Amino acid sequence: MDPAVIAALVSAPTAVLAAAAAYAAGKAQGRASLDAVRRQAQRDAYAQFLEAAYAFSTSSRWPSCVARVERELTESGTSSDAEGIYRRAAELRVGVSIGPLHLASIVVGLEGPEQVAAVASELVRRAHAVHDDATVIGTGNAEELAQMNLGAFGSREADTRVIRAMAIFSNVARRHLNGDPLPRDVWAAERDLTDSDEAVNPLFQPYLGRSAP
């Protein structure tokens, strides 16, 4: 047999193996690059969603709305009784748009994963409950308003539930981005809370606007 043919036959398997290795390496590199792009897209989506949630929470929380009404009265030089203040605060509360939060949740839903998207959806649902709460306040009579204990700024359960959902979302999003396994029950931390726990739990402090003691 021709020596050149023999040399070609001998070198052929090596060339095939080298080509296969190069292809596998290129494919792995491409997958890694794609994963990095996907992870960055998820990070951006989560950050934008949390930003929208924080904006909604800070603007719609009952203390914020009452404080805005009091500033309006001070600036206009007028006065109002508690009932008038609360009704105006309810108007401001229901006027805070959920639109940016809803749009941000759609992007989270597209990016996934399912557990993170589910928490985002629940947070949006709780934001709608804040509007429902405002409607109840705005349509209540004087006796009903008195029974709602509206003078206690921290008494609105709808506000608390939004804050809790923000903390849960932040936790599961961070775990996913860090490659840590997500808990089977992402809401367990919320159900295990008591009122006293929430006052000091570091998980909730960034969204309550104060630091843990």
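The values are calculated or read from the model by the stated rules, or taken from the named source; none is laboratory data. Because the structure is predicted, anything quoted here is derived from the model rather than measured. Positions of Cβ are backbone-derived with ideal geometry, glycine not excepted, and every protein chain shown enters the neighbour counts. Just so you know, the surface numbers come from the protein's heavy atoms only, side chains and all, with ligands and any DNA or RNA stripped out. Shrake-Rupley method; radii C 1.70, N 1.55, O 1.52, S 1.80 Å.
Considering each of H131, H176 in turn, give the residue that is within 19 Å of E51 (Cβ to Cβ) and surrounded by fewer than 22 Cβ atoms within 10 Å (Cβ to Cβ). Reasoning before the result, please.
Working: H131 fails: within 19 Å of E51 (Cβ to Cβ).
Testing whether each residue is within 19 Å of E51 (Cβ to Cβ) and surrounded by fewer than 22 Cβ atoms within 10 Å (Cβ to Cβ) leaves just H176.
How many residues, within segment 42-68, are charged (D, E, K, R) and open to solvent by less than 80 Å² (accessible area, probe 1.4 Å)?
The initial filter retains those residues of segment 42-68 that are charged (D, E, K, R), namely 43-44, 51, 61, 68.
Narrowing further to those that are open to solvent by less than 80 Å² (accessible area, probe 1.4 Å): 44, 61.
Of the residues in segment 42-68, 2 are charged (D, E, K, R) and open to solvent by less than 80 Å² (accessible area, probe 1.4 Å).
Between R39, R71, R93, the distinction of being at pLDDT 90 or above and open to solvent by 80 Å² or more (accessible area, probe 1.4 Å) belongs to R71 only. Among the residues of segment 6-17, are any of a type outside the set (A, V, I, L, M, F, W, C), modelled with pLDDT of 55 or more, more than 23 Å from A89 (Cα to Cα) and surrounded by 10 or more Cβ atoms within 10 Å (Cβ to Cβ)? Checking segment 6-17: at least one residue is of a type outside the set (A, V, I, L, M, F, W, C), modelled with pLDDT of 55 or more, more than 23 Å from A89 (Cα to Cα) and surrounded by 10 or more Cβ atoms within 10 Å (Cβ to Cβ).
Against the conditions (1) over 22 Å from the mean Cα position of the chain (by Cα); (2) in a loop (DSSP other than H, G, I, E, B), V69 satisfies every one except (2).
Among residues that are part of a helix (DSSP H, G or I), surrounded by 17 or more Cβ atoms within 10 Å (Cβ to Cβ), free of Cβ contacts under 8 Å to residues at least 40 places away in the same chain and aliphatic (A, V, I, L, M), A117 is included. So N149 fits all but one of (1) more than 26 Å from the chain's Cα centre (by Cα); (2) buried (at least 16 other Cβ atoms within 10 Å of the Cβ); what number is the exception? N149 satisfies every listed condition except (2).
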